[in-house]
Amino acid sequence: MTPPSLAAASALLGTNNTVDQGGGWLYHLLVKSGVSPDTAATVTDLIIRPISILLVVLVALVAARYGAKVIRRLLERVANQTAARSGSQRAGARVATMSGVVANVWRFFVFVVAGAIVLGLFGINLTPLLASATIIGATLGFGAQQIVRDYFSGALMTMEDQYNIGDSVTVGGVTGVIEDVTMRVTRFRGVDGTLYVIPNGDIRLVGNLSRGWARAVCDLTLPGEAATDMDTVRSVIEGAAHEVARRPEFAGHVTEPPQVVGLFAADATTITVRVMLLTVPSQRDPLRRALREAAIVALARAELWPADPATPGPAAAPPGR
């Protein structure tokens, strides 16, 4: 009779001889049908593993293709909304370019995940690789978070079409014309010719002076005595503004009659009168200059513009002979 300890050992050994070989449901079915474990494992490797790899590849191809289409449709919807708000003709092209970049990133992500799954099916231990990638990714993430923010902000600005090359903008209190826009930085040139380069992640407030409509605002500072005849001042300035609005170079861009606000500010010695003309952004500065010049000339003719000519002194005596 076999001692209990030996019986237990034999049972344990018997259990070890039928340890699961990791073949899944087909492996267990074959073993229960009387097939040896080695044969069942071989059959499983020749059938289940290739089929699993093929399924992973097919799912990855479908996800990459149709996921890219979904991304393009979503971004096209954003582009249409942006173009309707801004009136920009380049919004569609810029978002189309951006959608291509995002679609490529999506495909890369899908194929990386599929490759990792296939390597796992081949029995390759991915734990050390994933641990190293996690550590390296975290290190790069902390070290390059500013760059990541710049690129992310650049992507959003591109999709939303906040400004284009050639637009006049005010960024950080500096006004200039956009010369170049990349995913990381924006370059614009100031009025004095200075080229400013600012990372997209640092842009918090942008004033776009080239979209929609604009007002040419002109403030005229007059001596305090002019306040005694404000009706004449308004009439003179309004006549000058109408004359500018009727000029051939501005007539097609002035969308409303001139608006004389009247007394805008005053102190002990001067008053400030404001006049405005509604126009398109490209004509704002030329119209403001023409409006200021015409108003000053009209006020000077009406003897309302301050002048302090040098008082002529007595004639010098001719030199003695």
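Residue count for region 152-171, restricted to those that are at pLDDT below 85, touching a strand residue (DSSP E or B) at 6+ places or on another chain (Cβ under 8 Å), surrounded by 15 or more Cβ atoms within 10 Å (Cβ to Cβ) and aliphatic (A, V, I, L, M): 1.
Taking the residues in region 57-107 that are of a type in the set (Ser, Thr, Tyr) and either touching a Leu at 6+ places or on another chain (Cβ under 8 Å) or open to solvent by 80 Å² or more (accessible area, probe 1.4 Å) (or both) as candidates, determine which candidate is modelled with the lowest pLDDT.
Thr97
For region 201-231, the tally of residues that are under 16 Å from Val177 (Cα atoms) and among the polar types (S, T, N, Q) stands at 2. Give the residue that is most open to solvent (accessible area, probe 1.4 Å), with candidates limited to residues of region 245-264 that are out of contact with any Asp or Glu (no Cβ under 8 Å at 6 or more places or on another chain), hydrophobic (A, V, I, L, M, F, W, C) and in a strand (DSSP E or B). Selected residue: Leu263.
Looking at His242, is it surrounded by 18 or more Cβ atoms within 10 Å (Cβ to Cβ), outside any strand (DSSP E or B) and not hydroxyl-bearing (Ser, Thr, Tyr)? It is false that His242 is surrounded by 18 or more Cβ atoms within 10 Å (Cβ to Cβ), outside any strand (DSSP E or B) and not hydroxyl-bearing (Ser, Thr, Tyr). Just to verify a result, which residue in region 36-56, among those that are more than 19 Å from Ala114 (Cα to Cα) and of a type in the set (Ser, Thr, Tyr), is least open to solvent (accessible area, probe 1.4 Å)? It comes out as Thr44. The residue pairs whose first member lies in region 38-67 and is among the hydroxyl-bearing types (Ser, Thr, Tyr), whose second member is open to solvent by less than 80 Å² (accessible area, probe 1.4 Å), and whose beta carbons are closer than 7 Å, counting only pairs six or more residues apart or on different chains, are Thr44/Gly23; Thr44/Gly24; Thr44/Leu26; Thr44/Tyr27; Ser52/Leu121.
Only one entry in Thr270, Thr186, Thr232, Thr221 is at pLDDT 85 or above, closer than 30 Å to Ala144 by Cα and among the hydroxyl-bearing types (Ser, Thr, Tyr), namely Thr186. Residues in region 159-178 that are under 30 Å from Arg77 (Cβ atoms) and either in a strand (DSSP E or B) or in contact with a Phe, Trp or Tyr (Cβ under 7 Å, 6 or more places away or on another chain) (or both): Ser168, Val169, Thr170, Val171, Ile178. Evaluate region 128-151: report whether one residue or more is of a type outside the set (D, E, K, R), modelled with pLDDT of 85 or more, open to solvent by 80 Å² or more (accessible area, probe 1.4 Å) and in contact with a helix residue (DSSP H, G or I) (Cβ under 8 Å, 6 or more places away or on another chain). No: region 128-151 contains no residue that is of a type outside the set (D, E, K, R), modelled with pLDDT of 85 or more, open to solvent by 80 Å² or more (accessible area, probe 1.4 Å) and in contact with a helix residue (DSSP H, G or I) (Cβ under 8 Å, 6 or more places away or on another chain).
The values are calculated or read from the model by the stated rules, or taken from the named source; none is laboratory data. Please read these numbers as outputs of a predicted model, since none were measured by experiment. FYI the Cβ positions are ideal-geometry reconstructions off the backbone, even for glycines, and counts take in every protein chain you see. Heads up: the accessible areas ignore ligands, DNA and RNA and are worked out on the full protein's heavy atoms, side chains in. Shrake-Rupley method; radii C 1.70, N 1.55, O 1.52, S 1.80 Å.
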